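Heads up: the structure comes next, in structure tokens.
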Amino acid sequence: MVQEWSSLTSLLQKGSGDNIYQTTFSSLGSEKQVCDLTMEGHFIRLHYEDLKEDMSDEDICQTIDGCFKACKGGVSAFLLLIQGGYYTKSEQRIVEMLQSHFGAEALKYLVILSVEDGKVIDTLDDSLLDLINVCEGRYCRITSSTASGGLQALLEMVNNVLTENSEAGYTEAMLDESKRRSMEDSAMNMLRQKMQEAEEKEQAFMELVKEKEERRAKEMEDLRTKHEEERKKEAEDKRKHEAKRESLHEAVISHRSMLQLQAKAPDGDETKKTSVVLLGLTGSGKSSALNLILNRSGNTYSLNSSCQDPTESTICCERKEIFTGGKRLILVDTPELWDDDGVENTELVKDCLALALPGPHVFLLVLQVGRFTQCESEMLGHVQKIFGREVVEHAIILFVHFDSNKHRPLKINEYVAGAHSSLQDLIRKCGSRFYLLNVSKSHSGLSYPQVKELLSGIDKLVASHGGRGYSVKRFSSQELQERNHLTGDRKEAAYLLGDN
């Protein structure tokens, strides 16, 4: 932790010259340091204690407890420093010690701060993503060029922590309560362990008795069957011969069936492909959601925002593919498939279905958070008119959140619970299957588990239909196959014209 603290203090000293914030550093000993930070009328005191890797768990808890008691009246937040996005085993151990000493409630006051003054990791570790999810997206970065912005984000996250939990922060009374519960849990665990040991001894005794009884019974059975062995030997030899012949016959049939399956199997196994069609009104965020799914399903971490302007319009059907979870995932982006009068564009519908072959398996009905007009309420009716009423059995509602001005992440269950009755009815008709994708810059880390949950939901829906795609009876499979080839030829011709 020495390196992370040194990097943080260095960045704060470099950035304090712009007079946006002021810092004062002091020491309370060789391993205890304090940084007083003043920014926009807010005062924050950072207490630092050096935790060495060779320290025992007991020493770490004592050191953390001493640092906590130095903060009179409790602490506003626990700040976990990591270097360049790396989440090491030492830092994981510190988080475990924090929970062990202060209780699970301590994570409600935990904020993760990545100090980035050198090499920055390009892929976040799964364990860090899980911790970010538990901390409800409280993850921010600070660099030499954006020190004031990072501090502003840190200040807002600390304020949100106090607002959502306790204005007094994590207090000594809460620590005492955590220790009391820990002692009670320890006593209960000791009692459970003693009861388990007694049960194991009783079980061992009963097994010993049972073993002796079975051994005596076996001896008696051996005595009864010994005089019959000669008489049964001929019958046993005949049975073994018949079993061997039957086993060989089954092996031949099994091998022949395997060869037939291999001969029929195509080069590209279509059963390992899942196709998803994104439907929605212009500006709902279909393209932004598609790009986010492609990036996050590949576990790609970018320092830039993944947010796309929701006003950009898709003008034609586009198909993207990615390999994830042992399968090929096909994503088809679409423009609006109907006009203002509700009249469908048949050519776009054919393109959409052709690009989604061998599916479509799932339809994502994309809605932008905070926007639900009459057009959105009528969207499901247009979709059922085009694809059939049974399309709802393959549909998932996907909410896209573009708000990048709030440091508090959206809680989708609360949003749906307070939504208009028409929106709730739409969700109910789609089997109450709904997910959220946050494409705002302030909560980019939170989008990793969101995409993971969405892909898991897609897999579950596909599995519930036995892996079969949705069939639109208006168009034959041959017609869609020809349409797919025609679409590929048009793209190739456009590419050649562009080269010339």
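Things worth noting here:
- Estimated vicinal HN-Hα couplings, Hz - segment 470-477 in sequence order (Karplus 6.51, -1.76, 1.60; Gly, Pro = x): 8, 9, 9, 5, 5, 10, 7, 4
- Ranked list, fewest to most other Cβ atoms within 10 Å of each Cβ, for ARG328, ARG474: ARG474, ARG328
- For LEU367, residues with placed amide H under 5 Å, excluding near neighbours: LEU398, PHE399, VAL400
- With neighbours defined as other Cβ atoms within 10 Å of a residue's Cβ, the residues THR334, THR487 order from fewest to most as THR487, THR334.
- In sequence order, segment 43-60 has phi-based couplings of 10, 10, 10, 9, 9, 10, 9, 6, 10, 7, 5, 8, 6, 6, 4, 5, 5, 5 Hz under the Karplus curve 6.51 cos²θ - 1.76 cosθ + 1.60, θ = phi - 60°, and Gly or Pro positions carry x.
- Under 5 Å, built H, 5+ apart or other chain: amide partners of ARG433: ILE397
- When you restrict to C-alpha pairs under 8 Å that are six or more residues apart and normalise by the size of the chain, the relative contact order lands at 12 percent.
- Normalised by 2.2 N^0.38 Å, where N counts its residues, the alpha-carbon radius of gyration of segment 2-179 equals 0.99.
- Every helix of 4 or more DSSP H residues in the chain counts as -39500 (n - 2.57), and over all residues that averages to -16500 deg cm²/dmol at 222 nm.
- Our note on the geometry: Cα centres of segment 29-85 and segment 353-428, 45 Å apart.
- Whole-Hz Karplus values for segment 141-152 come out as 10, 9, 10, 5, 8, 10, 5, 5, x, x, 5, 4 Hz, taken residue by residue from phi with 6.51 cos²θ - 1.76 cosθ + 1.60 and θ = phi - 60°; glycine and proline positions read x.
- In the chain, a dipole from Cβ-located charges (positive for Lys and Arg, negative for Asp and Glu) runs towards its positive end, and of GLY325, SER127, SER313 it is GLY325 whose Cα lies farthest in that direction.
- Dipole magnitude (debye, nearest 20) for the chain, charges at Cβ of Lys, Arg, Asp, Glu: 1260 debye
- Considering every alpha-carbon pair of segment 330-471, the percent of pairs per 5 Å bin, from zero through the bin containing the longest distance, is 2, 9, 17, 21, 20, 17, 10, 4, 0.
- Global geometry of segment 99-257, whether rounded, prolate or oblate, following the gyration tensor of its Cα atoms and the 1.5 cut on a/c: oblate
- Shape category assigned to segment 180-219 from the gyration tensor of Cα positions, a/c cut at 1.5: prolate
- The share of alpha-carbon pairs in the chain lying farther apart than 30 Å comes to 64%.
Where a number appears in this text, it was derived from the coordinates with a stated rule and is not lab data. None of these values were measured; they are calculated from a predicted model. Note: ideal-geometry Cβ built from the backbone for every residue, glycine included; neighbour counts use all protein chains shown.
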